[in-house]
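Here is the structure we will look at, set down as structure tokens.
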Amino acid sequence: MISVPFGFPVHGAPFDYCRWTPDGLVAELQQAGFSVERVVLMGGTFPALTLNTWFWLRYDLGHGGSAPHALACAMPLLLVVQAIGNAIAVLLDRLDKKGAFPLAVAVLAMEPSQDHH
């Protein structure tokens, strides 16, 4: 079982090199001799956009000036807003039929058979 993040902003720079698509994972596994049994996309467009909005608010707006102090003072309200936003994103996720922007990709594959003669 392989699970990889997908719909995330750059993190761990300068060592953030790659995002694996479902097709890319399948191709790599098949090239290595694995038999792909199942591909699962976890979280869709709405949860991915919501998560990236929270990252943007925290990491981009949260750095510099008086923003960190203002965000700290508003933390209880922000947690409520975030919980409501997350719930709405999960409900709206049912509308996402394409699966083009998952939060993560998981692939279940069987390892190549080993002949022991």
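The values are calculated or read from the model by the stated rules, or taken from the named source; none is laboratory data. If you're wondering where the values come from, they're calculated on a predicted model, not measured in any experiment. Here the Cβ is made from the backbone with ideal geometry for all residues, glycine too, and neighbour counts use every protein chain on show.
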Please go through region 78-117 and pick out each residue that is more than 30 Å from Gln31 (Cα to Cα), of a type in the set (A, V, I, L, M) and at pLDDT 80 or above. Leu79, Val80, Val81, Ala83, Ile84, Ala87, Ile88, Ala89, Val90, Leu91, Leu92, Leu95
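Let's see how each residue does on (1) surrounded by fewer than 10 Cβ atoms within 10 Å (Cβ to Cβ); (2) modelled with pLDDT under 85; (3) farther than 16 Å from Pro102 by Cβ; (4) touching a His at 6+ places or on another chain (Cβ under 8 Å):
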position	(1), (2), (3), (4)
Gly24	no, no, no, no
Glu28	no, no, yes, no
Thr50	no, no, no, no
Tyr59	no, yes, yes, no
Pro68	no, yes, yes, no
